[in-house]
Each structure stands twice: as C-alpha cells, then as structure tokens.
C-alpha cells in the first residue's frame, strides 16, 4: 500500500481527497501547513507528496525545495488554483514532478498518481513508456536499446521524462541546459527536440505553443 503525504489547508477539500485516495487503496496522512509537513517528513517516509502551494507557515514550493536540498527525492505533485506559467515554472524548478490545477477530475488525479508511482523501478531505473533511464550508468534506453545521445540531448530527454505528461516550460529547459554564457535559444531547443523525436518514433513530444514541450507516455 503506497503512503501519501497530503498538504492541504482547506479542510473540506482535504477530507474529500483523503476519502478518494483511501477508497482507491492508498494510505494518506493529511497536514494543514508546510511546517507540519516538513516535521512529518523527518519521522516518516512516504511514497508520494501531494502539495497545495498557498498554505500557512511554509508554502508548498518552498517546502519541496527544502526537501530536495536535503536529498529527499520522493515524487511530488502540486495541486493548486494557480494557472499562470510562472507558477508552473516555479513548481518544476523546486523539484515537482507534476502539476494539477484546481478544480481537477478525480480520475485524472488517480491516473497521474499511479503513473508517477509506476515510473520508479528497482536498481535505479525509471521508465516512462518505452523509455527507461538507468541512473547508475547515466544512460537512456528506448525499447530496451541504449540511445546514442549528446550531453544536451541526454539532459533534455531526462528532463522531459522526469515531467512526463506535464508541460515543461521552455524557460526551464533553457535554464537547465545552457549557462548564461552559452546563451541557449528557442531555435537551438527546437533542433534538439526534433533530433530526439527521430530517436523515439513511437513516443510523442508535443509542442505546447507559447509555453514549452510535453513528453506523452
């Protein structure tokens, strides 16, 4: 049974989520503020974090950044009423794996939770569809065959895999792949995306116009 930490300060909404998750076989601990969530992670281990952003004491983004800085790599999904691109970027830059905007469909939440939990396998291998990342040997396999990737292609595909089925903002990609002195551009990014698309023909990378790219598993 997977164990979930739910950070949500709206009592009615939190109760609804807890009921939904427990009915679907998850064990859930709900906390109303970021400080309680942080304290709880020191004494308990979880399989997944569901985090609201606007909560008392420590907001969800700051909380996850602190956890990531402490080498806590537990998968995390943000649940928020924010819709702007800047908040989307901040949630991913803090270490978030997925992002759902309220109100959302219960079935979609369950699908995303299960997809994220299935992504992590034994022996340091994480898979998204036909793609698997071998963290031990720093390589990516497609349909069980190792891809011949340049350093930036590897980093870009790994970033897309980490946020599979979610839109990764172009600004985040440029920040992650190019230093300020290198000066990455939208054009250079398109070149790498097109190259990767050719290497994984049975998987889709969607161009979300004006925002970024999404790897669809």
Exercise. If you project the alpha carbons of the stretch 125-216 onto their three principal axes, what span does each projection cover, largest first, in Å?
Worked result: 34, 26, 20
Seminar exercise, completed: So the angle from the long Cα axis of helix 11-23 to the longest Cα principal axis of the chain, reported in degrees to the nearest 10, equals 70
Exercise. Between residue 191 and residue 85, 0.36 nm times their residue separation minus their Cα-Cα distance comes to what?
Worked result: 35.8 nm
For this session: Scale the Cα Rg of the stretch 164-203 by the rule-of-thumb value 2.2 N^0.38 Å and send over the ratio, two decimals.
Result: 1.28
For this session: Please label the shape of the stretch 1-94 as rounded, prolate or oblate, based on the square roots a ≥ b ≥ c of the eigenvalues of the alpha-carbon gyration tensor (a/c under 1.5 means rounded; beyond that, a/b larger than b/c means prolate, else oblate).
Result: oblate
Exercise. When you count, for each residue, the other Cβ atoms within 10 Å and take the mean per peptide, how do 23-32, 59-68 rank with the highest first?
Worked result: 59-68, 23-32
Exercise. For the stretch 50-103 and the stretch 195-217, what is the separation of their Cα centres, given in Å?
Worked result: 24
Exercise. If the convex hull of the alpha-carbon atoms of the chain is projected onto planes in all directions, what is the mean projected area in square nanometres?
Worked result: 12.4
Problem set entry | Burial ranking of peptide ranges 70-77, 8-15 (average Cβ count within 10 Å, highest at the top) | 70-77, 8-15
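Since every read-out is calculated from the coordinates, none of them should be taken as a lab result. A quick note: this is a predicted structure, and the numbers were derived from the prediction, not measured. Positions of Cβ are backbone-derived with ideal geometry, glycine not excepted, and every protein chain shown enters the neighbour counts.
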